[in-house]
1. Which of the residues that make up the range 46-69 are part of a strand (DSSP E or B) and either loosely packed, with under 11 Cβ neighbours inside 10 Å or modelled with pLDDT under 60 (or both)?
2. Can you pull out every residue in the range 7-26 that is touching a residue at least 40 places away in the same chain (Cβ under 8 Å) and part of a strand (DSSP E or B)?
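The values are calculated or read from the model by the stated rules, or taken from the named source; none is laboratory data. All values derive from a computational prediction rather than experimental measurement. Cβ atoms come from the backbone with ideal geometry, glycine included; neighbour counts cover every protein chain shown.
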Amino acid sequence: MNESTDAADESVSLSRAVKILGVCVRTVRREIDRRRLAAFRVGRNLRIKMRELRRYLQSNFVIQNPDGTLKLQGTSYFMFFV
């Protein structure tokens, strides 16, 4: 595997996903329950693959700025490079 494949297969915790998405825990759990965001369990903990976060973000974006920052509808700017 190459580095980009390894990075896409990397999974993050629920709390890290919340920071990346810029939303609250409840919103992420709701999106998982509605099957809009795929997650899996490791023991009692939820994990989300970076690939899935990128897919989710891309499907919900309104604007991508030239500097790589993205704006979600109704939220402030945050950094996430796709």
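1. PHE61, VAL62, ILE63
2. VAL12
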